[in-house]
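Only one structure is covered here, and it is reproduced in the block below.
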Amino acid sequence: MLRNPNLKRLAIANPERAPYGRAAVAALTSLNLYESLKPRLVTAENIAQAAQFADSANADAGLISLTSAMTPRLSASGNYFIIPRNLYPPIEQGAVIVSNTKQRAAVHKLLDFLLSPAIQAELAKSGLTPVK
């Protein structure tokens, strides 16, 4: 797909601001495709807009998150392939508890819920790497 000369526009998130945009550039660079595809890149503000560009045919394809590609709308209207994780640096997410929060117990309860085996399994089904 990425080597197809009929690919005219490829949507990615803005690599200067979006982790998925940086991952897209890294993957294309790893595949030695970045320079040849650079003129065809359509830069979106974020991953959601990149997905919208692909979904609305404002781009022929998009390098988007797996969770976006797996949504019912996008998976029903197109195809996706998973880019091997060794082609880009990990995209790490985090959580912070603000030390002066008045909701400390509720925040800890939420984090415990998010870290539970059941939720971690659901996150994995959605294309996210479970917390280790």
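The values are calculated or read from the model by the stated rules, or taken from the named source; none is laboratory data. Please read these numbers as outputs of a predicted model, since none were measured by experiment. Positions of Cβ are generated from backbone atoms using ideal geometry, with glycine treated the same way; all protein chains shown enter the neighbour counts.
Brief remarks on what is shown
- Lone qualifier among ALA13, ALA26, ALA69, ALA76 - being among the hydrophobic types (A, V, I, L, M, F, W, C) and either assigned by TED's automatic domain parsing to the domain that holds PRO130 or in contact with an Asp or Glu (Cβ under 9 Å, 6 or more places away or on another chain) (or both): ALA13
- Set VAL107, VAL96: member being within 25 Å of LYS125 (Cα to Cα), over 18 Å from the mean Cα position of the chain (by Cα) and not in a helix (DSSP H, G or I): VAL96
- The set of residues from the range 1-24 being under 13 Å from the mean Cα position of the chain (by Cα), surrounded by fewer than 18 Cβ atoms within 10 Å (Cβ to Cβ) and under 11 Å from VAL42 (Cβ atoms) comprises just one member, ASN14.
- Considering the range 85-115, and only residues there that are touching a helix residue (DSSP H, G or I) at 6+ places or on another chain (Cβ under 8 Å) and among the hydroxyl-bearing types (Ser, Thr, Tyr), the residue that is farthest from THR29 (Cα to Cα) turns out to be THR101.
- Residues that are at pLDDT 85 or above, more than 21 Å from PRO15 (Cβ to Cβ) and exposed (fewer than 12 other Cβ atoms within 10 Å of the Cβ), drawn from the range 78-95: ASN79
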